[in-house]
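Worksheet: one structure, shown below.
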Amino acid sequence: MKTSELMKAKTMPVRRVREDIFNIVKQDEPLLITNNGKQEMFLIPYEDVIELMEILEDSKDEALRSHIRKSREEYNTKGGIPFEDQDK
């Protein structure tokens, strides 16, 4: 799940969530729950939570983080490789 998807999540007041939770869960998409107009929490599908947890675990890997930093630096200084040329 991308951050942009969470930012585009539908918003619903907690009162309505309480009334219609069964149908909401079947929609299988992120939902921003509000209480008195205040953003309170996200309801996120199980598979998305697992994916996010894996990403968080990977972010603790210092070797991976170092590789990502180096890749970003190289991209910023030398530019990227066009997608079509990546397997060549």
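The fraction of Cα-Cα pairs per 5 angstrom bin, counted from 0 for the chain, comes to 3, 11, 15, 14, 14, 12, 10, 8, 7, 5, 1, 0 percent, rounded to whole percents.
Taking segment 31-70 and a reference point 7 angstrom along Cα→Cβ of residue 20, the backbone N atoms nearer than 15 Å belong to 31-34.
Bear in mind that the values in this text are calculations on the coordinates, not laboratory data. None of the values given here were measured: they were computed from a predicted structure. FYI the Cβ positions are ideal-geometry reconstructions off the backbone, even for glycines, and counts take in every protein chain you see.
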